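Chemist: Just dropping this structure here.
The values are calculated or read from the model by the stated rules, or taken from the named source; none is laboratory data. Because the structure is a prediction, the values reported are computed rather than measured. Note that we place each Cβ from the backbone using ideal geometry, even for glycine, and neighbour counts take in every protein chain shown. These accessible areas exclude ligands, DNA and RNA; they are computed on the full protein's heavy atoms, side chains included. Shrake-Rupley method; radii C 1.70, N 1.55, O 1.52, S 1.80 Å.
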Amino acid sequence: MDILVTVVAVIVVALVFDFTNGFHDTANAMATSVATGALKPRTAVLISAVLNLVGAFLSTAVAQTISGGVIKEGSSGVDITPTMIFAGLVGAVLWNLVTWYFGLPSSSTHALFGGLIGAAVIGAGFGAVDWGVLLSKVIVPALLSPLVAGGVALVATFAAYRITRNARVHGAEAGFRHGQTVSASLVSLAHGTNDAQKTMGVITLTLIAAGYLSSGSAPPFWVIVSCGLAIALGTYLGGWRIMRTVGKRITDVKAPQGFAAETSSAATILVSSHLGFALSTTQVTSGAVVGSGLGKKLASVRWGVVGRIATAWVVTLPAAALVGGLAAWIASASLIGLIGVAVVGLLAGLGLWALSRRNPVTRHNVNDGEGDEAEGDATGSRATASVGAGQEG
């Protein structure tokens, strides 16, 4: 009975993580389309939600990387308990909420892996993690994917402006905006094939660890459906804070840039999903937006913002691992510890949500304030103040 209760708790928290992943990463698919006016905000998140759900059914390669790859389980490795997985998920959810509050497009993928790794190491030792798989299917793709997507977006943006004479050909701007409807939809579909799989993998790993599934099993159909619905619902509610950062604060995106960034992001994510790489769609999209800025004009990229985003990328995995490890240490002690971790996580999440209501970002003001960052990057002290104001928004 204790195992069953813990498994149910893990599934609930995993779906909460999937939900936060949806509103945290909505910006990946739709930020540039909203910023250029190609799609209305509410229409954009509705399209993204539906296609995230569809994408969840197209592949399970990434899910199996998580359920039988990075974290060892069953007879082939160190046993991982559902309590450890629960603790790791708490770490991932809290990091997602913190970075969402500050409007930072950090990696939900690395938050998840960090939380799970921290919990596994504290609960079962360093042998619980397959470091080779972590390096080849998580770390290396994390380093290369933003560069690949950014390089493709740079070339595509340069070509677009050259072909259309700096996009001044009659109808060129409108044509690119129409093209963004297709390219943004493709990014949403790709996002579902990659990010929705991660929670499927965590739930499958939990069922294997609890003995309800055999080692190496693929995600059951009900897991695929529930994860797809959770990420779609989170997507529909819209991650407006992060959408503002990606669409307006990195560079002032125009339609040709948005089309190039979205197309290169979608191609990178789809290839990675096919190969089973647990890619950070946040990093891919942010890298593509930077590349689109460089393809138009070097000075149009706000490097202060890019630096802060990159810093968040670097600290995400170890920060989530620290929280996940601490949560595992407390939760593994007793049932009271497990309940305590759940309560603290719930209160922290509600507290961040309450703080965000003081200066809400909605579909009505998601494109406001882009000039503040450009001015703020002109001087060091004013840059800090400007970003602080932007994060509060």
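Chemist: With a cut-off of at least 2 residues that are among the β-branched types (V, I, T) and touching a residue at least 60 places away in the same chain (Cβ under 8 Å), name the helices (runs of 4 or more DSSP H) lying wholly within region 80-168.
Modeler: Correct list: 82-101, 108-124, 140-163.
Chemist: Scan region 198-246 for residues that are touching a residue at least 24 places away in the same chain (Cβ under 8 Å), open to solvent by less than 10 Å² (accessible area, probe 1.4 Å) and closer than 19 Å to V8 by Cα and jot them down.
Modeler: Listed by number, the residues that qualify are K198, T199, M200, G201, V202, I203, T204, L205, T206, C227, G228, I231.
Chemist: Exactly one of these conditions fails for F277: (1) under 15 Å from the mean Cα position of the chain (by Cα); (2) assigned to a helix (DSSP H, G or I). Give me its number.
Modeler: So F277 meets the others, but not (2).
Chemist: Quick one: V323 ticks every box in (1) under 19 Å from the mean Cα position of the chain (by Cα); (2) open to solvent by less than 40 Å² (accessible area, probe 1.4 Å) except a single one, so which number is it?
Modeler: Here V323 meets the rest and fails (2).
Chemist: Next up: Taking L144 as the residue in question, decide whether it is farther than 14 Å from N21 by Cβ, of a type in the set (A, V, I, L, M) and either within 12 Å of the chain's Cα centre (by Cα) or open to solvent by 10 Å² or more (accessible area, probe 1.4 Å) (or both).
Modeler: Yes, satisfied.
Chemist: Just need a number here: residues in region 254-281 that are among the hydrophobic types (A, V, I, L, M, F, W, C), farther than 20 Å from L317 by Cβ and open to solvent by less than 20 Å² (accessible area, probe 1.4 Å).
Modeler: 4
Chemist: Within region 59-85, can you find the residues that are open to solvent by less than 10 Å² (accessible area, probe 1.4 Å) and either aromatic (F, W, Y) or at pLDDT 80 or above (or both)?
Modeler: Hits for region 59-85 are P82, I85.
Chemist: Same structure again: Please state which one of N365, N359 is in contact with a Gly (Cβ under 7 Å, 6 or more places away or on another chain), closer than 26 Å to G307 by Cα and at pLDDT 70 or above.
Modeler: Going through N365, N359 in turn, just one is in contact with a Gly (Cβ under 7 Å, 6 or more places away or on another chain), closer than 26 Å to G307 by Cα and at pLDDT 70 or above: N359.
Chemist: Ok, one more. Give W329, W303, W313 a once-over and let me know the one that is in contact with a His (Cβ under 8 Å, 6 or more places away or on another chain) and surrounded by fewer than 24 Cβ atoms within 10 Å (Cβ to Cβ).
Modeler: W313
Chemist: Still on this structure: Can you tell me how many residues within region 210-266 are assigned to a helix (DSSP H, G or I), polar (S, T, N, Q) and over 15 Å from T193 (Cα atoms)?
Modeler: Result for region 210-266: 4.
Chemist: When you look at L39, is it within 30 Å of D252 (Cβ to Cβ), modelled with pLDDT of 80 or more, within 18 Å of the chain's Cα centre (by Cα) and surrounded by fewer than 24 Cβ atoms within 10 Å (Cβ to Cβ), yes or no?
Modeler: no
Chemist: So, N52, is that one at pLDDT 70 or above, of a type in the set (S, T, N, Q) and assigned to a helix (DSSP H, G or I) or not?
Modeler: In short, yes.
Chemist: Out of (1) touching a residue at least 60 places away in the same chain (Cβ under 8 Å); (2) surrounded by 24 or more Cβ atoms within 10 Å (Cβ to Cβ), the odd one out for T251 is which?
Modeler: Going through the list (1) touching a residue at least 60 places away in the same chain (Cβ under 8 Å); (2) surrounded by 24 or more Cβ atoms within 10 Å (Cβ to Cβ), T251 breaks only (1).
Chemist: Could you tell me which numbered condition A124 fails, if it satisfies all but one of (1) among the aliphatic types (A, V, I, L, M); (2) under 23 Å from T199 (Cα atoms); (3) modelled with pLDDT of 80 or more; (4) open to solvent by 10 Å² or more (accessible area, probe 1.4 Å)?
Modeler: Only one criterion is unmet by A124, namely (3).
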